[in-house]
Amino acid sequence: MRLYNLFSFLAFITFAVVGLIFLFIPESVLVFFNRLSGYLGMSPSSTEGINFYLILAVSYMYLVTLLAFLMYRHPENKWLPLLLIHGKFASSILSICLFLFHQPYLIYLTNFSVDGLIGIAALIFYLRLRRVAL
């Protein structure tokens, strides 16, 4: 259990730091790995980030798809919608922040709305599940 706690804490710190790096300096991540690629004799990637960040976007969609499936298969588990709430609200809040502080792109506003509504729906079901469990 001690090793599990250490792993969990280190993963928590690592994921938070990497997430902030992806948010604030996404191109620098790719530039850094392109420099390493040169030393390893590998081709550099595009610094636009579309291919790398596409991997992360699809991975996120896989995770929320899995959460929704597990919610369907295990409706008694009150923790699954809580995880979906966090994922959808994080996506929604980040989208509105980018809309307000980066560029007023329609895709930011749409993602804010759609993920926000999904997060609210999951929150309603989570609160109902908690009430039933009490």
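Observations on the structure shown:
- With respect to the stated conditions, THR14 is within 17 Å of the chain's Cα centre (by Cα), of a type in the set (S, T, N, Q) and outside the structural domain of ALA121 (by TED's automatic domain parsing).
- In region 62-101, the residues that are modelled with pLDDT of 95 or more and of a type in the set (D, E, K, R): ARG73, LYS88
- Residues in region 62-78 that are part of a helix (DSSP H, G or I) and over 17 Å from ALA121 (Cβ atoms): TYR62, LEU63, LEU66, ARG73.
- Considering region 20-43, the residues that are in contact with a helix residue (DSSP H, G or I) (Cβ under 9 Å, 6 or more places away or on another chain) and assigned to a helix (DSSP H, G or I) include one that is surrounded by the most Cβ atoms within 10 Å (Cβ to Cβ), namely LEU30.
Condition check ((1) surrounded by 14 or more Cβ atoms within 10 Å (Cβ to Cβ); (2) outside the structural domain of ALA68 (by TED's automatic domain parsing); (3) of a type in the set (A, V, I, L, M); (4) part of a helix (DSSP H, G or I)) across all residues:
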residue	(1), (2), (3), (4)
LEU83	yes, no, yes, yes
GLY87	yes, no, no, yes
SER91	yes, no, no, yes
LEU100	no, no, yes, yes
PRO104	no, no, no, no
ASP115	yes, no, no, yes
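- Selection count where residues are farther than 30 Å from LEU123 by Cα and either modelled with pLDDT of 90 or more or surrounded by 14 or more Cβ atoms within 10 Å (Cβ to Cβ) (or both), scope region 45-61: 4
The values are calculated or read from the model by the stated rules, or taken from the named source; none is laboratory data. Quick caveat: nothing in here was measured; it's all calculated off a predicted structure. A quick note on method: Cβ atoms are made from the backbone with ideal geometry, for glycine too, and the neighbour counts reach across all protein chains shown.
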